[in-house]
Amino acid sequence: MNQFAFAQSKLLDHLGITVTPLENREFSYTDKQSAYFYGRTHKQVNDDWFSGWNIGTHRIFQDYELYIDGKPLQRAEAQITVYPDRLQRYFPDAEETFMMFDNKHVLSIELANLRGNSIGLSIEGYLSGFLYTEENMAFYIPKEAPTAVLVIAPIHPAPLKEINNYLESNETSGGFFIVYAESVKSAKHLIIHARNNYTDWKEERRLRMEHLIAGSFTSSDSSTDKALQWITLTLDQLITHQSGDGIYAGLPWFNDYWGRDTFISLAGACLVTGQFKTARKILTAFAHFQNSDSLSKNFGRVPNRIRPDDVIYNTTDGTPRFVMALYEYVMYSGDTSLIKELYPVIQRSIEGPLKYWVDIQGYLTHEEADTWMDAKIDGKVPYSPRGNRANDVQWLWYENLIKGSFFARFMKQETDAERWKVMAQNLQFHFINDFINSTGNELMADHLHADGSPDFTVRPNQFFAMALINDRSLRMQLTRKTWEALVYPWGVASLAQTDSNFHPFHEYPEYYPKDEAYHNGTVWVWNNGIAIQRLLEFEQIAPSWNLFQGMTRQALMTGAVGSLSENMDALPGAGSAWANKSGTFLQAWSNAEYLRVWNQYFLGIRPNAIEKKIEITPLIPATFSSFQSIVSFMDGRLESDYIKQENKTTYQYQLIDASAVIVFKLPDFPSVETSVATNDKLEIVLYSKILSITLKGMEGNIKLEKRIAEDLNEVTREKDTDRIFQGIHFTQPYLNPGLKCLQKSQK
């Protein structure tokens, strides 16, 4: 089955992305502990606020400059290739390789193929002040961490001296180490440790990265392969140990743990990549910080944000997403011990809201800005008020209750299970009555005001709340309307452009502050995931794939190398056909949703380890003639092969070190349910209107053979679905000169 035979030592080399001076793209690396480095490929000195080396909440220095024989190496003259584990600049007079190492506060800047007799390095910016040189090491004090020390030394022992604000060594030094430590003694020890071990450190880091992506997916479409691998690795760099185990929300300024972002990101970051142990640690770390004070209005909430020096609880949606993330973790891993360990946390996640926030109709109420649309004027007045019952919050509360009921049944707490299930059903009943206008012009309210009146502002939150609608026809109509109102080829706007409060550009300081636009038009890339999912739930592959390809384009060709940004402008600028990115250049949930929706809805693989089932509903874009993939399941894995030929399409699945019932479904056909033991091979071949199913044992013996014809009811249903979605299109960008935000200049 698994045909990934290329040399592992070359895997990361195949992922190099060459960047031109005109592109001058951002890049980032972390040490997987508490530090990151952010730079630009060609800018001579990057002086952005968060540029350079950042450790915890401290900026250490902004950039560095290299010299040969006293002359600066000009980055604009270099050929530059960015790899997941390193950045390489090829200057006319030298070759630079920049690297970080796992769990080490060490930067390595190697210099090779020199045309000169001396090399030099200067620390740029005002964040670190030079102290002295000693024992061929240079000592600096980081101004934002004045009790620590920054030390620079040659990679190989060699003379080092300070000349005219830069450090100089000879050509035998091999480059420079830059280390950060809490004391001079520790820093000196770390330099020696680095000299003795940095070759091993490089190899360990490379092997970790290659293990994460090796065999996960390879196909006939090299661009998708490359994007999936890059996005997996840039997302993984955000999984750190800064305040226990967690996921940075984004770089460069969200290098802390946000609960909402973490739980949305967990599936893409840890579950579809098979990092179950890491997911468990993250869930238990957040559970530890749950508010257990029954006298507090935050009772039962898990934190909205965890920093080394601060924990806050100012959101409603984080806690339900924690429960949902725990459920998904159990579905992939089968680790029921965590249910037993965290059941009191689940109970508090429900009992806290019931005590303080749930109204008589069962809705979860909240403050105006206590949803993910949380920007405020001066931290006080919401820019996008959605109180006091937002549609996505009601869906999340419903999921909190349903998942809670599932966990209660597992724990044999039947009273909890039944009570929470009835509450969820009651909530859904009221939601359909209060949020949905189905009188010929189907609409869903974004939220209910405190007086119960609906607000029909068109926002992407309704993509989430679609799950509360059982009426298939209504759900399809609302899905199409929402898509055509909000979805551009580059992403999902936070407000429809027809709304008078729409803001076309995230940053337009001549007319408004950026936070005013944050949730009032600006595209949020993470919402692409749910938009794609909702279309694929109705087998609409082509438009979903077009949006997905827009994300692939960004990761490979624009912005930070291999990364997806937090935001984009809703509309392109003058003379441009594509919108500009904005916000953080690397955002966890943007990357994570790309990976999640790819695995769960294009490949269609959705595990249920509790029942030892795997649901597979592949919806493969026409681009692919073949692929192979691996998805972790419990203690084993599911390997998949796909081959599309002129007269047939073959799907093959094999479970390694696991067994399960595979429930396979293609459009127009009934579900096929087959028990698959470890090492069995399930082959399903689609011929025009017939499915041929063969199950072979590990010795090649045939255990099952059957043929299934199209189901006429399914065929009719698919035709009806396609009629509703026929001609679906992206929102056509239009800048309305009458928008309120454009009527008053800030100048």
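The values are calculated or read from the model by the stated rules, or taken from the named source; none is laboratory data. If you're wondering where the values come from, they're calculated on a predicted model, not measured in any experiment. Cβ sites come from the backbone with ideal geometry, for glycine too, and all protein chains shown count toward neighbours.
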query: Which one of the conditions (1) assigned to a loop (DSSP other than H, G, I, E, B); (2) over 23 Å from R472 (Cβ atoms); (3) more than 32 Å from the chain's Cα centre (by Cα) does K706 fail to meet, given that it meets all the rest?
result: (1)
- request: Give segment 382-411 a look and list any residue that's of a type outside the set (G, A, S), touching a Ser or Thr at 6+ places or on another chain (Cβ under 9 Å) and part of a helix (DSSP H, G or I), or say none.
  value: D392, V393, L396, W397, N400, F410
task: Give segment 52-107 a look and list any residue that's surrounded by fewer than 21 Cβ atoms within 10 Å (Cβ to Cβ), hydroxyl-bearing (S, T, Y), modelled with pLDDT of 95 or more and over 16 Å from S173 (Cβ atoms), or say none.
output: T81, Y90
- prompt: Filter segment 487-523 for residues that are charged (D, E, K, R) and more than 23 Å from W578 (Cβ to Cβ); which is surrounded by the fewest Cβ atoms within 10 Å (Cβ to Cβ)?
  reply: D515
query: Only one of Q74, Q62, Q44, Q79 is under 15 Å from S122 (Cβ atoms), polar (S, T, N, Q) and in contact (Cβ under 8 Å) with a residue 40 or more places away in the chain; which?
result: Q62
field: Matching residues, segment 676-705, being loosely packed, with under 15 Cβ neighbours inside 10 Å, of a type in the set (S, T, N, Q) and at pLDDT 95 or above
entry: T678, N701
Considering residues of segment 724-735 that are outside any helix (DSSP H, G or I) and surrounded by 13 or more Cβ atoms within 10 Å (Cβ to Cβ) only, the residue farthest from the chain's Cα centre (by Cα): L735
query: What is the residue count in segment 66-90 for residues that are acidic (D, E) and either over 17 Å from N24 (Cβ atoms) or part of a strand (DSSP E or B) (or both)?
result: 2
task: Within segment 714-723, identify whether any single residue is buried (at least 16 other Cβ atoms within 10 Å of the Cβ) and of a type in the set (V, I, T), and answer yes or no.
output: yes
task: Considering each residue of segment 709-720, count those that are part of a helix (DSSP H, G or I) and of a type in the set (D, E), and give that number.
output: 3
- line: Scanning segment 690-719 for residues that are in contact (Cβ under 8 Å) with a residue 40 or more places away in the chain and of a type in the set (D, E, K, R) gives E710, D711, E714, E718
message: Step by step: first the residues of segment 585-617, then only those that are in a helix (DSSP H, G or I) and of a type in the set (D, E, K, R), then the one that is farthest from Y29 (Cα to Cα). Which residue is that?
response: R596
message: Among the residues that make up segment 412-428, is at least one of them touching a residue at least 24 places away in the same chain (Cβ under 8 Å), of a type in the set (F, W, Y), in a helix (DSSP H, G or I) and out of contact with any Leu (no Cβ under 6 Å at 6 or more places or on another chain)?
response: no
- prompt: Which of the following residues is of a type in the set (K, R) and touching a residue at least 60 places away in the same chain (Cβ under 8 Å): R534, R553?
  reply: R534
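Can you tell me which residue is nearest to the chain's Cα centre (by Cα) among those in segment 362-418 that are closer than 22 Å to E611 by Cβ and among the basic types (K, R)?
Out of the qualifying residues, it is K403.
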Selected residue (criterion: surrounded by the fewest Cβ atoms within 10 Å (Cβ to Cβ)) from residues of segment 641-659 that are among the polar types (S, T, N, Q) and more than 12 Å from I616 (Cβ to Cβ): N647
- prompt: Inside segment 222-242, can you point out the residues that are over 18 Å from C270 (Cα atoms) and buried (at least 18 other Cβ atoms within 10 Å of the Cβ)?
  reply: T224, D225, K226
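Conditions (1) assigned to a loop (DSSP other than H, G, I, E, B); (2) in contact with a strand residue (DSSP E or B) (Cβ under 8 Å, 6 or more places away or on another chain), marked per residue:
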| site | (1), (2) |
| --- | --- |
| M324 | no, no |
| Y327 | no, no |
| R348 | no, no |
| E351 | no, no |
| E367 | yes, no |
| T371 | yes, yes |
- prompt: Somewhere in segment 524-545, is a residue touching a strand residue (DSSP E or B) at 6+ places or on another chain (Cβ under 8 Å), crowded, with 22+ Cβ neighbours inside 10 Å, of a type outside the set (S, T, Y) and more than 25 Å from T224 (Cα to Cα)?
  reply: no
- request: Identify the residue in segment 26-42 that is hydroxyl-bearing (S, T, Y) and part of a strand (DSSP E or B) and, among all such residues, is nearest to S563 (Cα to Cα).
  value: S28
- request: Filter segment 8-25 down to residues that are part of a loop (DSSP other than H, G, I, E, B) and among the charged types (D, E, K, R) and give me whichever is surrounded by the fewest Cβ atoms within 10 Å (Cβ to Cβ).
  value: E23
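Residue by residue, here is whether (1) among the hydroxyl-bearing types (S, T, Y); (2) within 27 Å of D515 (Cα to Cα); (3) at pLDDT below 95 holds:
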position: Q554; (1), (2), (3): no, yes, no
position: E566; (1), (2), (3): no, yes, no
position: S576; (1), (2), (3): yes, yes, no
position: S590; (1), (2), (3): yes, yes, no
position: E593; (1), (2), (3): no, yes, no
position: R596; (1), (2), (3): no, no, no
position: F602; (1), (2), (3): no, no, no
message: It is to be established whether one or more residues within segment 408-428 are loosely packed, with under 15 Cβ neighbours inside 10 Å and of a type in the set (A, V, I, L, M, F, W, C).
response: yes
statement: Looking across segment 434-455 at residues that are part of a strand (DSSP E or B) and aliphatic (A, V, I, L, M), the single one that is nearest to the chain's Cα centre (by Cα) is M444
statement: Among the residues of segment 560-578, the number that are surrounded by 21 or more Cβ atoms within 10 Å (Cβ to Cβ) and on the phi > 0 side of the Ramachandran plot is 1
message: Scan segment 118-141 and tell me whether some residue there is surrounded by fewer than 15 Cβ atoms within 10 Å (Cβ to Cβ), in the same structural domain as N197 (by TED's automatic domain parsing) and within 15 Å of G70 (Cα to Cα).
response: no
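Given the options S692, S640, S675, S632, name the one that is part of a strand (DSSP E or B), in contact with a helix residue (DSSP H, G or I) (Cβ under 8 Å, 6 or more places away or on another chain) and not assigned by TED's automatic domain parsing to the domain that holds R534.
From the options S692, S640, S675, S632, the qualifying one is S632.
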field: Residue list for segment 167-178, restricted to those being over 26 Å from D31 (Cα atoms), assigned to a strand (DSSP E or B) and either out of contact with any Pro (no Cβ under 7 Å at 6 or more places or on another chain) or among the aromatic types (F, W, Y) (or both)
entry: E168
